[in-house]
Amino acid sequence: MFVLVGLGNPGKKYDDTRHNIGFNVINVLAETLGIDVNKMKHHSLIGSKFIHGEKIMLVKPQTFMNKSGEAVRDLVNYYDVPLENILIIYDDIDTEIGKIRLRKKGSGGTHNGMTNVIYHLENDEISRLRFGIGKSDTIPLTNYVLGKFEKENIELLNETIIKSKDACLKFINEGIDKAMNGYNG
């Protein structure tokens, strides 16, 4: 079983904000794989499907971002998912817009959602895809991450979502090391 978790905030007011990019990537994966992410379980919207004999679960926690770890922990405990089969997808202000970075362990850095996942799983060896959103020198951090992408970045954003989807599929099919080799740098 593989569990791919896109971090974000629930509610229409957060749709298409920088902080909800994890949800956007899950939406594209769901469309590509033909998975409906519409069942409410474990504080999350989830959907799953067997593909080539392997269960793939897509997850959008419905806790707020800073409590994402609660939902992830519930899923991991209930389904007894090995940590190496989990990929967390989230926005990253420390990565340039249009870039992605895959890692198989490490701290949550400046991202409170990922930090909360690490805290609740009591382990930092969790694969993650950091989706670059850049940062602003003029807009306060909270306003920036809860804001929407500028119109001039929409094309790049959409290309990066597709690249992220492809990296997620490579993670499922070939593992984190090959995904990192194929999509980092």
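FYI, it's all coordinate maths here, none of it is from the lab. This structure is a prediction, so every number in the text was calculated from the model and none was measured. Cβ: placed from backbone, ideal geometry, glycine included. Neighbour counts: every protein chain shown.
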Using Cα positions and a limit of under 25 Å, work out the lysines in reach of LYS41, with same-chain residues fewer than 8 apart set aside. LYS12, LYS13, LYS49, LYS55, LYS60, LYS67, LYS165
What ranking, highest mean first, results for peptides 162-168, 26-32 when packing means the other Cβ atoms within 10 Å averaged over each residue? 162-168, 26-32
How much of the DSSP beta bridge set in the chain is antiparallel, as a percent to the nearest 5? 55 percent
For the chain, longest principal axis from Cα atoms; helix 154-174 axis from its Cα atoms; angle between them, nearest 10 degrees, is 20 degrees
Percent relative contact order of the range 2-183, based on C-alpha pairs within less than 8 angstrom and at least six residues apart? 25 percent
By its C-alpha gyration tensor, with a ≥ b ≥ c as the square roots of the eigenvalues, how is the range 83-185 shaped: rounded for a/c under 1.5, else prolate for a/b larger than b/c, else oblate? oblate
Within straight-line cross-link reach of LYS170, aspartates and glutamates at Cα separation under 20 Å, skipping those fewer than 8 residues along the same chain: GLU31, GLU54, GLU84, ASP91, GLU125, GLU159
Which of the peptides 132-140, 102-110, 60-68 is most tightly packed, and how do the rest follow, judged by the mean count of other Cβ atoms within 10 Å per residue? 60-68, 102-110, 132-140
Once you keep just the Cα pairs under 8 angstrom separated by 6 or more residues, what percentage relative contact order results for the range 38-129? 28 percent
Stretch LYS13-LYS105 to full length: gain in nm at 0.36 nm per residue minus the Cα-Cα span? 30.0 nm
